[in-house]
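K.L.:
One structure, as structure tokens, below. Some questions next.
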Amino acid sequence: MPYHHTQIGTVILVTSVVIGVLGGAITWRAAPRSMIGMLIILTTVAVIFNSLTVEIEGRELRWYFGPGFWTYRLALEEIDSIAVVRNRWWNGFGIRAAPRFTLYNVSGLGAVELKLKSGEVRRIGTDDPTGLAAALRQAAERMPYSSR
């Protein structure tokens, strides 16, 4: 496999713990049963978004959150351009549909922006944006009829 990288979702994990502690303290006296529901939701979010793994294998780019309940796949042939970018803090974390792109991110602001031949733009957040971009370019060069 030419590329495999997992980034821990520090921001999401810390946020989940802080909200859990503060929310638990607030609801403990007022409505203890609602605290259970809140903790279940926060635990689910923390498990699903605790990390983002990105892989390049063969002619495919794959990425998935946490344990990989669902995997996103993109054929390398669909990529028109690759760029290292920096997200704004307000772009958020998790899966975000912004006006000009879709973002997949668990922590930090670094990302690789993929402009697809279809006109769509995807950003994959990573703490290794230069490594991911280089691996994508290298994989594209190995493909026949590569235009990158």
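K.L.:
Between I40 and H5, take the C-beta separation as r, use R0 = 25 Å, and let me know the FRET efficiency to the nearest 0.05.
P.N.:
0.25
K.L.:
Tell me whether segment 95-137 comes out rounded, prolate or oblate; compute the Cα gyration tensor, take square roots of the eigenvalues as a ≥ b ≥ c, and use a/c under 1.5 as the rounded threshold.
P.N.:
oblate
K.L.:
Another question, if that's okay. Springs between alpha-carbon pairs under 10 angstrom, Gaussian network model over the chain: which of I79, I41, I124 fluctuates most?
P.N.:
Of I79, I41, I124, the most mobile in the Gaussian network model is I41.
K.L.:
Net charge near L116: determine it from the other residues with C-beta under 12 Å of the C-beta of L116, scoring Lys and Arg +1 and Asp and Glu -1.
P.N.:
Around L116, the surrounding residues sum to -1.
K.L.:
Defining a contact as two alpha carbons under 8 Å apart and six or more residues distant in sequence, what relative contact order in percent does the chain show?
P.N.:
Values: 267 pairs, mean separation 32.6, N = 148.
Answer for the chain is 22 percent.
K.L.:
A further question on this structure: Counting Lys and Arg as +1 and Asp and Glu as -1, what is the net charge of the other residues whose Cβ lies under 11 Å from the Cβ of R86?
P.N.:
Numbers: positive: R88, R123; negative: E113.
So the surrounding residues net to +1.
K.L.:
Carbon-plus-sulfur fraction of the accessible area of the chain, 1.4 Å probe, in percent? Spell out each step's value before the answer.
P.N.:
On the way: 5050 of 8490 Å².
Taking all protein chains in place, the chain shows 60 percent carbon and sulfur surface.
The values are calculated or read from the model by the stated rules, or taken from the named source; none is laboratory data. As the structure is a prediction and not an experimental result, all values here were calculated from the model. Positions of Cβ are backbone-derived with ideal geometry, glycine not excepted, and every protein chain shown enters the neighbour counts. For accessibility, only protein heavy atoms count, side chains too; no ligands or nucleic acids. Shrake-Rupley method; radii C 1.70, N 1.55, O 1.52, S 1.80 Å.
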